[in-house]
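In what follows, a single structure is set out as structure tokens and then discussed.
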């Protein structure tokens, strides 16, 4: 059976995207595979579960409604606080026409964001009581 080794994401500025995603996920940048390799590969620190993220230069336009996107979870952290943290790192909120209508009853809420390159991703979790 195949397993997911990494997710590859096209970006217009790999260095900027690498800084954002490393900080967002707590990942570490891996050394280039060979001299002149311009892919940036980020991976969880040793002993931490997760899937590697590869960032490669792409000239294709960002899709407003991408066919594939990443879903992040705030885990036990406050959803609003996690979204604020990601926005402070360079993400931006996206007005998503399908939210909140797409939520099933009892499903955790989510927020749609775009990374520094405009790639959409979701963050789910529960807002903590205030």
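Please treat every number below as a calculation from the coordinates, not as lab data. These numbers come from a predicted model, not from an experiment. FYI the Cβ positions are ideal-geometry reconstructions off the backbone, even for glycines, and counts take in every protein chain you see.
Worth pointing out:
- When region 14-44 is limited to residues that are touching a residue at least 24 places away in the same chain (Cβ under 8 Å) and assigned to a loop (DSSP other than H, G, I, E, B), the one that is farthest from residue 84 (Cα to Cα) turns out to be 38.
- Taken together, 47, 75 contain a single residue that is more than 15 Å from the chain's Cα centre (by Cα) and part of a loop (DSSP other than H, G, I, E, B), which is 47.
- Residue 20 passes every criterion in (1) under 14 Å from residue 117 (Cβ atoms); (2) surrounded by 17 or more Cβ atoms within 10 Å (Cβ to Cβ); (3) touching a strand residue (DSSP E or B) at 6+ places or on another chain (Cβ under 7 Å) apart from (3).
- The residues of region 48-62 that are more than 17 Å from residue 4 (Cα to Cα) and out of contact with any strand residue (DSSP E or B) (no Cβ under 9 Å at 6 or more places or on another chain) amount to a single one, 61.
- Among residues of region 23-45 being within 23 Å of residue 60 (Cα to Cα) and touching a strand residue (DSSP E or B) at 6+ places or on another chain (Cβ under 8 Å), the one that is surrounded by the most Cβ atoms within 10 Å (Cβ to Cβ) is 42.
- Residue 90 being touching a helix residue (DSSP H, G or I) at 6+ places or on another chain (Cβ under 7 Å) and at positive phi: yes
- Selection count, region 50-72, where residues are part of a strand (DSSP E or B) and surrounded by 12 or more Cβ atoms within 10 Å (Cβ to Cβ): 8
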